[in-house]
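The structure under discussion appears below in the form of structure tokens.
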Amino acid sequence: MGTINIKFVNSMACYIIDCLEVSVSAFILCRHVKDTAVRKLKSAYVKHLKMFFNFHKYSSVTYMFLHLGLPTFCTIRHNAEWSFLKCKERCYNQLVCIVTKFCVNLP
């Protein structure tokens, strides 16, 4: 693998992570998300990062994340859930409270 432009990696990483957080937030809103759908999203995240940053298909995922300094899918999912819950806690709109009570898969 050749040299990597750090500014480019950081900007692309931020874009990819922002897009993934939106997708994960959409999953949070669904009460009946199948585990296979989450695994497929995680697999697609890793696959596309490897393709984008020109890593070999069978190279170590841990090495890739450490080398690029990117968060793993679990970290992104945790951050999205946490930020969603914080926004929900700060909202006092009754309609939002009712909808999240019946639709959201989180406590």
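The values are calculated or read from the model by the stated rules, or taken from the named source; none is laboratory data. This structure is a prediction, so every number in the text was calculated from the model and none was measured. Reconstructed Cβ throughout: ideal geometry from the backbone, glycine too, with neighbour counts over all protein chains shown.
Structure summary
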read-out	value
Residue in segment 42-55 that is assigned to a helix (DSSP H, G or I), modelled with pLDDT of 85 or more and closer than 30 Å to CYS97 by Cα present	yes
Lone unmet requirement of (1) at pLDDT 60 or above; (2) surrounded by 13 or more Cβ atoms within 10 Å (Cβ to Cβ); (3) under 15 Å from ALA80 (Cα atoms) for ASP18	(2)
Subset of segment 73-107 (residues that are of a type in the set (Ser, Thr, Tyr) and either at pLDDT below 85 or surrounded by 15 or more Cβ atoms within 10 Å (Cβ to Cβ) (or both))	SER83, TYR92, THR100
Tabulated pairs, segment 62-78, first free of Cβ contacts under 8 Å to residues at least 12 places away in the same chain, second of a type outside the set (D, E, K, R) and part of a helix (DSSP H, G or I), C-beta under 8 angstrom, 6+ apart or interchain	THR72/PHE65
